[in-house]
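Novice: Take a look at this one; I'll ask things after.
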Amino acid sequence: MRITGTGHASMRIDTSAGSILCDPWVNPAYFASWFPFPDNSLLDWETLGDVDYLYVSHLHRDHFDAAHLSRFVSKKATVLLPEYPTSQLEDELRELGFTKFLKTRSNEVHELDGGLKIMIQALISPTDGPIGDSSLWVEHEGVRLLNQNDARPTDLTTFAELGHVHGHMLQFSGAIWYPMVYELPESAKTAFGKQKRDRQFDRTWRYIDDLKADHVFPIAGPPCFLDDDLWKFNDIFGDEGNIFPDQSVFMREYAAVGGNNGIVLLPGSITELSESGATTTHPVDVDEFFANKMQHLEEMRSRKAPIIAAEKASWRHPEIDVLGELKKRIEPLLEESIYMAQGVGGPVRFDFTDTDGPTGNIIESIVVDFPGKQVRPYADEKVRYRFKTGRALVEHLIHLDEGDWVNSLFLSCRFSAARIGQYNEFVYAFFKCLSEERLQYAEGWYDEHEKAVEAEDTHLGDWTVQRRCPHLKADLSRFGIVEGNTLTCQLHGWKFDLPSGRCLTSVGHKIRAEKTNP
């Protein structure tokens, strides 16, 4: 089995029975904030895109690059489609010209021509990607590979049961806006960022230990930030709180916990994977490349500046009545929302500036009033969540009729945020569901989730707790760590006070727990 690194979470898998291109991403994503690093735009994409199969794991725009898919990927390719609850991924691929789809069933092995076997595990909670994330397992002639990309399964048992895995590709770096955009003292940002960075690595080590593959490939990150306003987010300043460590940092941290089977894939790297080993060739020396990371980023910044400028020029639509259009789009969804509206529980404030981000003068302020079921001008009331961003970005979201502000505005990091109290997942879940289809699915999921009775227990230290995490049902017998009276679920870093059952990370999500030996 030959694996060609094509950047970020993308790779081409070649076997004698066919080729699979996974998650090709080249063009900037999220309001021209994210770029692949190392740069992959100079690869021979005409050749790389001539494949038998295409796998797009989910709709995040650093995995689903519409312009690139349209131009470079053969429309003769059969799309290996995850079993998602909405049809959006299939619909968008059909709009790009793809006509051949294998609609897989989650956790079911499908045998393709020539003995090539694949299985896709689809994750379908409202917080998994943009309503869905997935992993791809591939087997041919006894060689097995798991492309987990940035999916977070509760465990990897389903894959391990199919036989020993020889290559394991998984995320290790951040892909979020927290804590960088929060209006906090720099010391607090550093402390929270270090906690998140450590959790990212802990989660990665746990997945690696669960699967015990012969070789581990760090993929799906980090992005790089080439706009002057976002340059500070690159991990080049010795900031221990930066959540975007690169592959060289992964290899160093992995070695520190005893890992000696890591393989870095640069764009153009080729690994020949077999049952007996792996041989990798690189287009340049890996250590030397990352030693000169600053130089590479500076060169990319200069070369990509016209692309960023052109993107920015397309955002402004001053003819749009932002308040009126948001009322038209959001108020009907507020009327239909039960679980998410109750979960948010109060008004959320948006301040719009006259720039392309949170700096500049505030020219308009509105609130999305969840209890009042309306969008209206801000009236000086107290709010627990506040976002500040450029009015032009929201104009562009309205212009595109964008139904997912998380997979656009928030991941862009072109905003600032402030909150009073705990993180509230329902705020972000709602702004991911600004369409009738998504809203109905998410409300139904929360309804089923809330009504589910978790009867199985597990024992952690001196405590008996429900086995499944109240957040996203991670197996606490595998991911739960108890320190004193606090339980931490390492899959997403959520914490619970065991004596009271109260969630310390977010609103709601109480856990059932009792002292085994009171």
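The values are calculated or read from the model by the stated rules, or taken from the named source; none is laboratory data. Treat the numbers as computed from the prediction; the structure is a model and nothing was measured. Cβ placement follows ideal geometry from the backbone for every residue including glycine, while neighbour counts extend to all protein chains displayed. Please note that ligands, DNA and RNA were not included when accessible areas were found on the heavy atoms of the full protein model with its side chains. Shrake-Rupley method; radii C 1.70, N 1.55, O 1.52, S 1.80 Å.
Novice: If only Cα atoms are counted, what is the Rg of the range 21-165, and what is its Dmax, in Å?
Specialist: Gyration radius and largest Cα-Cα distance of the range 21-165: 15.0, 43 Å.
Novice: Which shape class applies to the range 11-81: rounded if a/c is under 1.5, otherwise prolate when a/b exceeds b/c and oblate if not, where a ≥ b ≥ c are the square roots of the Cα gyration tensor eigenvalues?
Specialist: prolate
Novice: Whole number in Å², please: accessible area per residue of the chain, 1.4 Å probe, ligands, DNA and RNA not counted.
Specialist: On a per-residue basis, 40 Å².
Novice: On to the next question. Could you list the residues of the range 157-195 with an amide nitrogen less than 12 Å from a label point located 7 Å from the Cα of K212 in the Cα-to-C-beta direction?
Specialist: Under cut-off, by backbone N: 160-161, 164-165.
Novice: Using the Karplus curve 6.51 cos²θ - 1.76 cosθ + 1.60 with θ = phi - 60°, work out ³J(HN,Hα) for each residue of the range 68-83 in order, rounded to whole Hz, and write x for Gly and Pro.
Specialist: 6, 4, 5, 8, 10, 9, 4, 7, 7, 5, 8, 7, 8, 9, x, 8
Novice: Going down the list K212/K495; K103/K232; K196/K328; K194/K304, which pairs span over 32 Å between their C-alpha atoms?
Specialist: K103/K232; K196/K328
Novice: Could you give the alpha-carbon Rg of the chain over 2.2 N^0.38 Å, rounded to two decimals?
Specialist: Normalised by 2.2 N^0.38 Å, the Cα Rg of the chain equals 0.96.
Novice: Same structure again: Which log10 I(q)/I(0) values does the range 395-518 give at q = 0.11, 0.14 Å⁻¹ under the Debye formula, counting every alpha carbon as one identical point scatterer?
Specialist: -0.48, -0.72
Novice: Once phi is turned into θ = phi - 60°, what whole-Hz ³J(HN,Hα) does the Karplus curve with 6.51, -1.76 and 1.60 give for every residue of the range 115-128, x standing for Gly and Pro?
Specialist: For the range 115-128, the Karplus curve yields x, 6, 10, 9, 9, 10, 9, 9, 9, 10, 6, x, 9, 8 Hz.
Novice: What FRET efficiency, computed as 1/(1 + (r/R0)^6) with R0 = 51 Å and r the Cβ-Cβ distance, is obtained for K75 and S276, rounded to the nearest 0.05?
Specialist: Computed FRET efficiency for K75 and S276: 0.85.
Novice: A follow-up question, please. May I ask you to evaluate 6.51 cos²θ - 1.76 cosθ + 1.60, the Karplus curve with θ = phi - 60°, for each residue of the range 21-33 and list the ³J(HN,Hα) values in order in whole Hz, giving x for glycine and proline?
Specialist: With the stated coefficients, the range 21-33 comes to 9, 10, 6, x, 9, 10, 6, x, 10, 6, 6, 6, 8 Hz.
Novice: Okay, moving on. Would you compute, from DSSP H runs of 4+ residues alone, the mean residue ellipticity of the chain at 222 nm, taking -39500 (n - 2.57) per run and dividing by the full residue count, rounded to the nearest 500?
Specialist: Mean residue ellipticity at 222 nm (helix-derived): -8000 deg cm²/dmol.
Novice: Show me 40-47, 354-361 ranked by packing, highest mean number of other Cβ atoms within 10 Å first.
Specialist: Taking the mean over residues of other Cβ atoms within 10 Å, the ranking is 354-361, 40-47.
Novice: Given C-alpha coordinates of the range 90-221, what is the ratio Rg to Rh with the Kirkwood estimate of Rh?
Specialist: 1.05
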